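Structure record follows, encoded as structure tokens.
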Amino acid sequence: MTSPTKAEGSGSTVALDPDLASTTEVAKPKKLEGRSPGQLMWQRFRRDRTGMFCAGVVISYFVIALLAPVITSLSGTNPYTLYGQDPTYADQPVLDDFGLPLGYLGGVSGEHWFGVEPQYGRDLFAMLLYGMRTSLFMALGVTVLLVVSGVVIGLIGGYFGGRTDYWIGRVTDFFLAFPQQLFFIAFMPVVTAFFVDPQEETPTYFRALAILIVLWLLGWMGMARLVRSTVLSLREREFVEAAKVSGASPWRIVRKEILPNVVSPILVQFTYQLPSTILTIAFLSFAGVGFVEPTPDWGRLFAAGAKYAEQDPAFMFFPGLALVVFVLCFNLLGDSVRDAFDPKSGR
């Protein structure tokens with residue numbers, strides 16, 4: 001039963017139902033949860049359609065390169081078979097009497113999706129996929145090594161300063177003095193000849209190791225200088241001074257206070273370094289000091305395309321298009337990552 005109750009500040013009475021009042025839930029204020037810098041970055045990045053599209057393209061390149069043996073098995077080809085010279089395929093000619101591909105666009109057909117190589121008849125589709133596999137994963141390994149080395153050296157020089165920073169700076173200047181492109185060409189044969197008899201064929205794995213060593217020795221300086229300059233501006237900040245006063249060790253200060261604040265420039269630099277490394281590896285193979293026959297490689301495809309340019313200009317089309325798309329998408333991805341980390345960006 002309800003009892004009339006006079007409303008406060010008025011002469012009217014209001015009937016209150018105790019049963020109704022007991023079942024009515026009071027609306028609780030919505031709990032606000034903070035978001036980490038990584039979550040904010042991801043939220044901003046997801047709104048960037050260009051960045052998301054380029055990320056999908058880049059990931060698809062790595063997936064295709066990883067699954068190159070599976071994909072080429074579906075096409076029924078491989079990058080090593082000489083379809084124009086192997087007697088097994090004599091009933092399926094792919095080259096004419098002059099060694100040029102039969103058909104249009106360099107011999108494009110149902111069996112050879114991107115055509116064939118002049119003189120030898122190797123399948124260009126299989127060569128491109130395996131060449132992407134060699135270049136992408138080789139460049140990924142080199143870039144990771146460059147970034148790790150540069151971050152460690154930059155953190156040490158920037159945080160400790162003094163003589164440590166001075167000598168690290170002088171070593172960095174010494175390596176920056178080398179003309180990289182010329183040094184690549186001159187140093188690669190020296191490295192391989194130092195460990196392998198010139199009369200013997202250099203194993204592919206050793207060539208890969210030599211390329212990694214040369215690119216690492218001449219490529220870590222940019223990342224080291226970037227990290228050093230960032231750490232120099234951070235080590236005098238209030239949160240670093242507070243950590244020192246509290247008795248934190250230098251290792252803990254670097255790991256907990258400084259390193260999280262340099263992740264943004266490191267990640268952005270990584271997105272620019274990887275395509276640059278791919279182009280450098282392709283340049284070495286193009287110049288004849290990188291990967292050689294019969295290892296498929298992007299640079300070797302361009303070297304072959306330059307040799308066949310007059311007789312078969314279509315040979316360069318698919319490898320060139322694939323490389324341009326990858327480098328363009330990775331550079332645009334780097335711009336999107338930089339904008340996602342920048343809180344002042346309007347994107």
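The values are calculated or read from the model by the stated rules, or taken from the named source; none is laboratory data. For clarity, every value in this text was computed on a predicted model and none was experimentally measured. As a convention, Cβ positions derive from the backbone with ideal geometry for all residues, glycine included, and neighbour counts pool all protein chains shown. SASA here: full protein model, heavy atoms, side chains in, ligands and nucleic acids out. Shrake-Rupley method; radii C 1.70, N 1.55, O 1.52, S 1.80 Å.
What GluC sites (Glu not before Pro) does region 202-292 have in DSSP loop regions with at most 10 other beta carbons within 10 Å?
GLU236
Among MET127, MET316, what's the order by accessible area (1.4 angstrom probe), most exposed first? Walk me through the numbers before you get to the answer.
On the way: MET127 10, MET316 65 Å².
Ranked from most to least accessible, the order is MET316, MET127.
Given the DSSP H assignment, sum -39500 (n - 2.57) over each helix run of at least 4 residues in the chain and divide by its residue total; what's the result at 222 nm in deg cm²/dmol, nearest 500?
Values: 13 runs with 205 residues, N = 347.
That calculation yields -19500 deg cm²/dmol at 222 nm.
Hey, can you grab everything whose amide H is under 5 Å from the amide H of LEU95? Only 5+ residues off in sequence or another chain; H modelled, so Pro and N-termini drop out.
LEU102
Find which of ALA322, ALA287, GLN199 sits farthest along the positive direction of the dipole of region 172-330, computed with +1 on the beta-carbon of Lys and Arg, -1 on that of Asp and Glu, about the Cα centre.
Value: ALA322.
Along the charge dipole of the chain, Cβ charges K/R +1 and D/E -1, which of GLY154, VAL144, PRO79 sits furthest on the positive end?
Selected residue: GLY154.
Assigning unit charges at the beta carbon (Lys, Arg +1; Asp, Glu -1) and nothing else, what dipole magnitude in debye, to the nearest 20, does the chain show about its Cα centre?
Details: 27 positive and 29 negative charges, 405 e Å.
Here the chain has a charge dipole of around 1940 debye.
Region 213-347: D in µm²/s via Stokes-Einstein (Kirkwood Rh, Cα pairs, 37 °C, 0.692 mPa s)? Display every interim value, and only then the final one.
Numbers: Rh = 18.3 Å.
Rounded to a whole number, D works out at 180 µm²/s.
Roughly how many percent of the accessible protein surface of the chain is carbon and sulfur, given a 1.4 Å probe and a whole-percent answer?
Values: 12730 of 20040 Å².
Taking all protein chains in place, the chain shows 64 percent carbon and sulfur surface.
Averaged across orientations, what area in nm² does the convex hull of the alpha carbons in the chain project? It would help to have the intermediate numbers written out before the result.
Details: hull surface 134.9 nm².
Across all orientations, the chain yields a mean hull projection of 33.7 nm².
Which residues make up the longest stretch of the chain that has no chymotrypsin sites (Phe, Trp or Tyr not before Pro) in a DSSP loop with at most 10 other Cβ atoms within 10 Å?
Values: sites that count: PHE98, TYR104.
So the longest stretch without any such site is 105-347.
Which helices, counted as full DSSP H runs in the chain, have an axial Cα extent of no less than 30 Å and a Kyte-Doolittle average of -0.5 or above? Numbers along the way, then the final one.
Numbers: long enough: 124-160 (53 Å, 1.89); 263-286 (34 Å, 1.30); 317-341 (36 Å, 1.51).
Once both thresholds are applied, what remains is 124-160, 263-286, 317-341.
Determine the equivalent ellipsoid of region 272-325 by diagonalising the alpha-carbon gyration tensor, then write out the semi-axes as square roots of 5 times the eigenvalues, largest first, rounded to whole Å.
Numbers: eigenvalues 71, 42, 13 Å².
So the three semi-axes of region 272-325 are 19, 14, 8 Å.
If GLU111, GLU201, GLU117, GLU310 are ordered by their accessible area, calculated over protein heavy atoms with a 1.4 Å probe, which sequence runs from highest to lowest?
Working: GLU111 110, GLU201 145, GLU117 5, GLU310 165 Å².
The ranking, largest first, comes out as GLU310, GLU201, GLU111, GLU117.
Not counting ligands, DNA or RNA, and with a 1.4 Å probe, what is ARG255's accessible surface area in Å² rounded to the nearest 10?
100
Over the chain, calculate the relative contact order: mean separation of alpha carbon pairs under 8 Å at least 6 apart, over the residue count, as a percent.
Working: 403 pairs, mean separation 76.3, N = 347.
Relative contact order, the chain: 22 percent.
Would you mind getting the accessible area per residue of the chain, heavy atoms of the protein chains only, 1.4 Å probe, in Å²?
On the way: 20040 Å² over 347 residues.
Each residue of the chain exposes 58 Å² on average to a 1.4 Å probe.
If one computes the Cα centroid of region 216-259 and of region 60-81, what distance in Å separates the two points?
Result: 44 Å between the Cα centres.
Over region 112-229, what number does the Rg to Rh ratio reach, with both radii from the alpha-carbon atoms and Rh per Kirkwood?
On the way: Rg = 19.0 Å, Rh = 16.9 Å.
Reported Rg/Rh, Kirkwood definition of Rh: 1.13.
Any idea what the relative contact order of region 234-344 is, in percent, if you count C-alpha pairs under 8 Å spaced at least 6 apart? Mind showing how you got there, number by number?
Values: 69 pairs, mean separation 27.6, N = 111.
Relative CO of region 234-344 lands at 25 percent.
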